[in-house]
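Peer 1: I'd like to ask some things about the structure below.
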Amino acid sequence: MSKFRLFLLNILYPKWLFHYIVCSKAKSHGKVKVRRYSTVNRGTVLGDQVSLGGIHIVGKGNCYVGNYVHTGTDCQILTDYHNYDGGELIPYDHSWVVEDVYVGDFVWLGNNVIILAGVTIGEGAIIQAGSVVVNDIPPMAIAGGHPAKVFKYRDVEHFQKLKSEGKFLMLD
């Protein structure tokens, strides 16, 4: 979808409609806030207190999104890809490789993040805007780039302290 069409969708349609689109198609969900036009596939499981800023989860695989996950605008999660190695045609045939995606609790995805099939993002990780995640990201990591690489870690002690005190960003 073009950026202009997305812009018009976000201006012309009420946010409750975006919420309905996501929650009616997801396999299951907790409390979700959909801030911009978003789509999910039928294999999507959304945790509690999830804030979606314009994400598109596509493919035949499952996508598990943990609790207290926050996404920026124009993110994508792909749960399958063309079978380019084991197929009967080149560059690829009409078969698909399906791999689930796991996004842990307290993950923050910046704007324009793309997550490819088969990736797991650990608890508390932060993915920098514009990154393409092709491999697993460990818990508490801060990663960015194309492909996304870990360049720093969160202060784990501080994170655990806030978590034990129940200091979470809650939805309205």
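The values are calculated or read from the model by the stated rules, or taken from the named source; none is laboratory data. If you're wondering where the values come from, they're calculated on a predicted model, not measured in any experiment. FYI the Cβ positions are ideal-geometry reconstructions off the backbone, even for glycines, and counts take in every protein chain you see.
Peer 1: Among the candidates Y92, Y84, Y13, which residue alone is out of contact with any Leu (no Cβ under 9 Å at 6 or more places or on another chain), at pLDDT below 85, closer than 20 Å to L116 by Cα and among the hydroxyl-bearing types (S, T, Y)?
Peer 2: Details: Y84 fails: at pLDDT below 85; Y13 fails: closer than 20 Å to L116 by Cα.
Sole residue among the options that is out of contact with any Leu (no Cβ under 9 Å at 6 or more places or on another chain), at pLDDT below 85, closer than 20 Å to L116 by Cα and among the hydroxyl-bearing types (S, T, Y): Y92.
Peer 1: Let me ask you something else. Could you check the stretch 29-72 and list, in sequence order, the residues that are on the phi < 0 side of the Ramachandran plot, touching a helix residue (DSSP H, G or I) at 6+ places or on another chain (Cβ under 9 Å) and not in a strand (DSSP E or B)?
Peer 2: Those that are on the phi < 0 side of the Ramachandran plot, touching a helix residue (DSSP H, G or I) at 6+ places or on another chain (Cβ under 9 Å) and not in a strand (DSSP E or B): R35, R36, Y37, S38, V40, N41, R42.
Peer 1: Under 9 Å between Cβ atoms, at least 6 apart or on separate chains: pull out the pairs that start in the stretch 161-172 with a residue that is touching a residue at least 12 places away in the same chain (Cβ under 8 Å) and surrounded by 11 or more Cβ atoms within 10 Å (Cβ to Cβ) and end on any residue that is of a type outside the set (D, E, K, R) and part of a helix (DSSP H, G or I).
Peer 2: From the stretch 161-172, the pairs are F168/L162.
Peer 1: So the check is Cβ under 8 Å with 6+ separation or different chains; which pairs have a first residue in the stretch 71-82 that's within 13 Å of R36 (Cα to Cα) and a second one that's in a loop (DSSP other than H, G, I, E, B) and hydrophobic (A, V, I, L, M, F, W, C)?
Peer 2: Hits for this filter: T71/V113; G72/V113; G72/A129; C75/V113.
Peer 1: Considering only the stretch 28-44, state which residues are among the charged types (D, E, K, R) and out of contact with any Gly (no Cβ under 6 Å at 6 or more places or on another chain). Even if it seems obvious, please write down each step before you answer.
Peer 2: So in the stretch 28-44, the residues among the charged types (D, E, K, R) come out as 31, 33, 35-36, 42.
Scanning the stretch 28-44 gives K31, K33, R42.
Peer 1: Does the stretch 29-37 contain at least one residue that is surrounded by fewer than 16 Cβ atoms within 10 Å (Cβ to Cβ), modelled with pLDDT of 70 or more and either over 28 Å from D100 (Cα atoms) or hydroxyl-bearing (S, T, Y) (or both)?
Peer 2: Within the stretch 29-37, not a single residue is surrounded by fewer than 16 Cβ atoms within 10 Å (Cβ to Cβ), modelled with pLDDT of 70 or more and either over 28 Å from D100 (Cα atoms) or hydroxyl-bearing (S, T, Y) (or both).
Peer 1: Conditions first: (1) over 16 Å from G66 (Cβ atoms); (2) not in a loop (DSSP other than H, G, I, E, B). G118 passes all but one, so which condition is the exception?
Peer 2: Only one criterion in (1) over 16 Å from G66 (Cβ atoms); (2) not in a loop (DSSP other than H, G, I, E, B) is unmet by G118, namely (2).
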